[in-house]
Every structure is written in C-alpha cells, then in structure tokens.
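The values are calculated or read from the model by the stated rules, or taken from the named source; none is laboratory data. Note that the structure is predicted; figures quoted are calculated from it, not measured. As a convention, Cβ positions derive from the backbone with ideal geometry for all residues, glycine included, and neighbour counts pool all protein chains shown. Areas reflect the complete protein model, heavy atoms only, side chains present, ligands, DNA and RNA absent. Shrake-Rupley method; radii C 1.70, N 1.55, O 1.52, S 1.80 Å.
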Amino acid sequence: MTQATAPAASSSPPAPPATQKDGRTAQRSLGRRLLARPEVGALIAAIGVYVFFFAAAPSFREAGSLATVLYQASVMGIMALPVALLMIGGEFDLSAGVAVTTSALTAAILSFQLTMNVWTGVFVALVVSLAVGAFNGWLLIKTGLPSFLVTLGSFLILQGSNLAVTKIFTGNVASDSIADMDGFDQAKSVFASEVSIGGVDFKVTIFYWLVFAGIATWLLLRTKFGNWIFAVGGNKDSARAVGVPVNLTKIALFMGVGAGAWFVGMHLLFSFNTVQSNEGVGNEFLYIIAAVIGGCLLTGGYGSAIGPVIGAFIFGMVNQGIVYANWNPDWFKAFLGVMLLLAALVNLWVRQQATRR
Amino acid sequence: MTDTNGSTAAQSAVKDAAPGPDKPVVELRGAGKSYGNIRALHGVNLTVHPSRVTCVLGDNGAGKSTLIKIISGLHQHTEGEFLVDGEAVRFTTPREALDAGIATVYQDLATVPLMPVWRNFFLGSEMTKGPWPVRRLDIEKMKKTADEELRNMGIVLDDLDQPIGTLSGGQRQCVAIARAVYFGARVLILDEPTAALGVKQSGVVLKYIAAARDRGLGVIFITHNPHHAYMVGDHFSVLRLGTMELSAARDQVSLEELTNHMAGGTELAALKHELAQVRGVDVEELPEEEDLTAPVATPKDGAA
C-alpha cells in the first residue's frame, strides 16, 4: 500500500541525523515499488484484454465502439467505486444492485403518483438511498453480524419491495413513464445527456465516472477519512483503540454506496423514462468483481479507487468485445469468471512479489 | 461515587499545568469491575505518578487486562473510584482517555499492519491543512514529524512508507510508544509489551519505557515477567484472581520476593509443606511464609 508517489518516498528524511540509516532495508527498485501498487495487476490485464479484442474484432477498433465500451464501464464503474471503498473498509454490500432499482423506482413512482416536478422525486430518492445505506451500516454495528448476512437480508427486502410496491401502484412490473412530466428534460440533461467529441457521442456518465474516481482517490489517499477507511478495514480494534470513529466510518461508507446507487438509478430512469422493478439483481456481484479485479483485498484494508475503474473498464471491454467479435453473448459470464480468477491470481502473485523481502 | 462527564473533566485536566511530582496523575481507589455475575476485578488501589513506572504483575486471568481496559476507556468500572488529577472520571470511549492524556499501547492491537508506518503513527490524530471542503492530510509534515520523533526515541527506519506489518514486533511496540509520547500522553499504559519478544527486543522495549519515564510520563507497565518489571519499575502491584495481592515500592521488595508473589506467594509456601511429604521433591529453594516480608495489600472491604 505505497500510496505516496515515488518522489516523496525517495527524498531523504530531513531529521537531525539524516545520514544515519537502519541499513537493513534496502531501497526496493522502482519496478518493485510499481508492482506493489494495488491496481497494477488490473492494468496489465486491461491492456491484455484490449489488445486481444483489438486483434480479434475489427469493429472494436472504431471510436464509436470505444464510446460504447466506456459507457458500459461507467454505469457499472460509478457503483464499483463506493463498493470498493466499502470493501477497503472491510465490508460487503449485497444490496447494492437492487438498491439502484429501488432508488429509480422511488423517484419514478413518487413523481408520477403525486404529479410533481421530477426533481422532488429525485431528491426523495436520494434521501431513501442514503437511508438504506445508513440502515445497513447501523444494523451491522448494532448487531455485530457479518455484513454478508445483514446486506443479504436488505437485498431480499429491497428486491421484494421493488416488485410488490410497483405492482400496487402500476399494476404491472414496470413504473409508468415520466417522460412528459415537469423537469424531466432538465433532469435528463444532468443525468443522461451525451457529449459529442470529434463526432463521437460520449454519454455523460463517462465523465461523472472519471470525476468520481478522482474524488474517491483523493478522499482515500489525502484525507483523514481515507486514513480511517484503511484503518477500519485493516484492523478495526486497533483503529478504535487509537481513537478512530469506527462506527461513523462504516456507516458513512454504506451511505456512500447508497449515494452511488441513487446516481446510477437516476441515470437509468432518465435514460429509459421507466424502470423495470426486477432489474439490478446480480449486479452487486459485478461491482464486487470490478473491485477485486482492481486489486481491492476481499478482507479489507488494502486497495485503491483507480483499481475498480480499471476493473469496470475490463468489464465493459469484455461485454462489448464479445458482441463486436460476433460471438454468442452467452459466453460473457463465463469469460468474466475466467477474468476474475485470473485477476485474483495476478493480484496474489503481484503482492507476493512486492512484499517479498 | 460521583460520575463526572469523562470528556469535560478530561479536557480541563489537559489544560491544567502539569501536577507536582508527588501528585498522582491517575489513581484507582477500591476500583472493581463485574461482568454480570462474574467479578473480574475487585478492590484495586493503584496510583500513577509522573516520572514513575508502576508495574502491574499477574498471571493469566488475574485481571490485568480488565484493569487496563478501565483506565484506557474500553470498559467502565462498576465499583470504587477512578480519578484523573484528583477528579473522578468515567471514560466511555478510548478517545476520552486519550484526551485526558492516557495512551495505551496494546500488545497485539497497537497498529494496522497493512498501513505505512507514518499513517499508523498519526492514525486517529492526523495532521491536516486547508479549509474544510479541501481539507487534506499534511503528508510531508506528518512524515517529517514521524521520522523526527522516532529518531528522538532512538528508532531509525529507512522507509516510513513500508507497511508497519513488515517491522519486527519490538519495532512496532517502539513506534507505538513513540506515538503515545508524541501525542502528549502523560500516562502510558503498556500491555505486556515484552510478552511476544525475544531477549534483545525486550531490552529495546525496556529502554524505551525508561526513555518515556525520563520524559516525565507516568508509566503503567503490565507484564507477567518479574525480571522485566524489576529492571524498570518503581512500584509493584501484583494482581491475583482479580484482587491486589501485593503493593510495594521498589525498596520494600526484592526481585526474589516479587517472583515468589507472582508464583503464588503464600500458597506456594503452604504447598512446600505438602511437597515435603513427597519423596524426591526438592523444597529447599521454595520460600517459607515468614520470608515474604513485603507488605501484602489488604483490600478495605475484605476481598472475596
């Protein structure tokens, strides 16, 4: 976990007897130190996958294809970021996939039923999403149960409620279209617009994704809170003993996942005008896979925010690359499974190389 | 007893000028702790003075851990009094104890292994710069300070960016001690710092205990090794089955007596007579009851 940039590490310490050295720890080579970064394994894999599809699928090489790949990656990547931070903090959230649908449904049904400006629904959806996250965190802390169990419970609750509540209001499994409601166009321009660069349309989520990744990296490496995330994931009891607010940190991380679910939910709602209430099941694993491929340790305390960005990019490339290569898309999940295992092995090998003394 | 709000009492205590050398910083009067119907600790008297090392000895299950957990704010006492600078306190979180200047170095949970040394050093008390929305860690200053502080304690590390898990057990203890000293601890609690260490590493840790004492800190040194305790201790308290068995200043007790008390004291003397009946057991080395001259602590309200 050498987050500091190489120059900072190599500058000689300015303390009084600066020449005095312990002498037992030789400076590791630049290559070794690069390998020690959590996302390097994923980066190597991403380059490999890119080269592979570049060679195998001619249509993959077009700029328009890149925009599609990035879009796929961004929708998943935006959620993978808070999920990765949560994982570094030592917890899982299995409800993350359906929480996206819950958020979108809340906004859609509320706006439609009360015939209000869609922004009201958007705002209420944010509150609901944050509350779901806070509830997960609070329950985890109060009960001391593993997050796997707690969020498995909230996953089922949300999945069932999504279907049942939608059927109560609309009579079928999808929410009513909100395309002609007040404020829709405005909200669509915020959450689901497109930006044209050099004649190619890029979805706005791609830019949000990269900005969020930047913020998450800064948060993780340059703030107090980031320090606490590593600490509560690495050793909760030590963190508590030196005065880190462990409970607050964990609840905040779960609420971060809620905020991510809200954002992606709003994007889906304003892209398609309507939401299928059974969507999102299984996506929680894709987020976790992106984080793991990106080098986040499943047991917490180690990882980065750049890693899941690369992980999501690999996901997008594989997802679209199979289509561009004219293969049966049914192979996607199998391919993803192979990628996950390879990534886990590469990460293991890389970490052993880096920490070997 | 009066329960002052821990944090306010603690904060005012920190602002006060340092107490005189004879005034105890931390004092326990007949303190005890029950977990449900289990009485883990009962009638413990303990005083910690600045620039003094108070050793708490005891075998496994004697109540050492419970004692430090009360002082460090992880648990609350259920009987007796706990005073900091003469004021009764009751800490509900370790943060409050830290604010009162009581720092604890735990045997195993002192550090987060995967985090770099400097991040561990400042964990929970990070230095920041800049206004709120962009308030960030002052990494350069933290690294510089950590390096200086560690060097002042005689610990030289080449790379503060290495995960603290790659340091040896003794080095990790020393980093934790240096951290406590730097953050203005007035009382340092060391939970069996030498238990998992080799002979040489134990010596290093004992050196830093002495260094911390010379800087004016009151040290509570928890151990089950009387030899280590006697090397640095000014006052010795022996816990046995949750009560004080012995409380003596250094000039009142010899290392041999201390060892005997640790080993069971009066019980061992009684055992000698029984063992004498058995052929082939050498009882010459075992102490007689009258050899134990050190004052045996008697809890006020009669221990169970």
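Some points to look at:
- Selected residue (criterion: farthest from A:ALA241 (Cα to Cα)) from residues of segment B:143-158 that are within 10 Å of another protein chain (Cβ to nearest Cβ) and surrounded by fewer than 19 Cβ atoms within 10 Å (Cβ to Cβ): B:ASP158
- Segment A:204-260 holds helices (runs of 4 or more DSSP H) entirely within its bounds, and those carrying 1 or more residues that are open to solvent by less than 40 Å² (accessible area, probe 1.4 Å) and under 20 Å from A:GLY311 (Cβ atoms) map to A:204-222, A:224-234.
- Residue that is nearest to the other protein chains (Cβ to nearest Cβ) [pool: residues in segment A:189-198 that are open to solvent by 50 Å² or more (accessible area, probe 1.4 Å) and among the polar types (S, T, N, Q)]: A:SER189
- Any hit, segment B:245-259, residues being at pLDDT 80 or above, of a type in the set (Lys, Arg) and outside any strand (DSSP E or B): yes
- When the residues of segment B:161-216 are filtered to those that are among the aromatic types (Phe, Trp, Tyr) and part of a helix (DSSP H, G or I), the one that is least open to solvent (accessible area, probe 1.4 Å) is B:TYR208.
- Subset of segment B:231-261 (residues that are touching a strand residue (DSSP E or B) at 6+ places or on another chain (Cβ under 8 Å) and of a type in the set (Ser, Thr, Tyr)): B:SER237, B:THR243, B:SER247
- Screening the candidates A:ASP176, A:ASP201, A:ASP182 for the property of being surrounded by fewer than 15 Cβ atoms within 10 Å (Cβ to Cβ) and either away from chain B (no Cβ under 14 Å) or closer than 17 Å to A:MET79 by Cβ (or both) yields one hit, A:ASP201.
- Output for segment B:159-180, where each listed residue is over 24 Å from B:SER72 (Cβ atoms) and at the interface with another protein chain (Cβ under 9 Å from one of its Cβ atoms): B:ASP159, B:LEU160, B:ASP161, B:GLN162, B:PRO163, B:THR166
- For segment B:37-44, the criterion of being closer than 20 Å to B:PHE221 by Cβ, among the β-branched types (Val, Ile, Thr) and at pLDDT 50 or above is met by at least one residue.
- Lone unmet requirement of (1) assigned to a loop (DSSP other than H, G, I, E, B); (2) more than 9 Å from every other protein chain (Cβ to nearest Cβ); (3) within 24 Å of A:VAL246 (Cα to Cα) for B:LEU114: (2)
- Unmet criterion (only one of (1) more than 7 Å from chain A (Cβ to nearest Cβ); (2) surrounded by fewer than 21 Cβ atoms within 10 Å (Cβ to Cβ); (3) touching a Gly at 6+ places or on another chain (Cβ under 6 Å)) for B:GLU96: (2)
- Just one of the numbered conditions (1) under 21 Å from the mean Cα position of the chain (by Cα); (2) assigned by TED's automatic domain parsing to the domain that holds B:PHE122 is not true of B:GLU148: (1).
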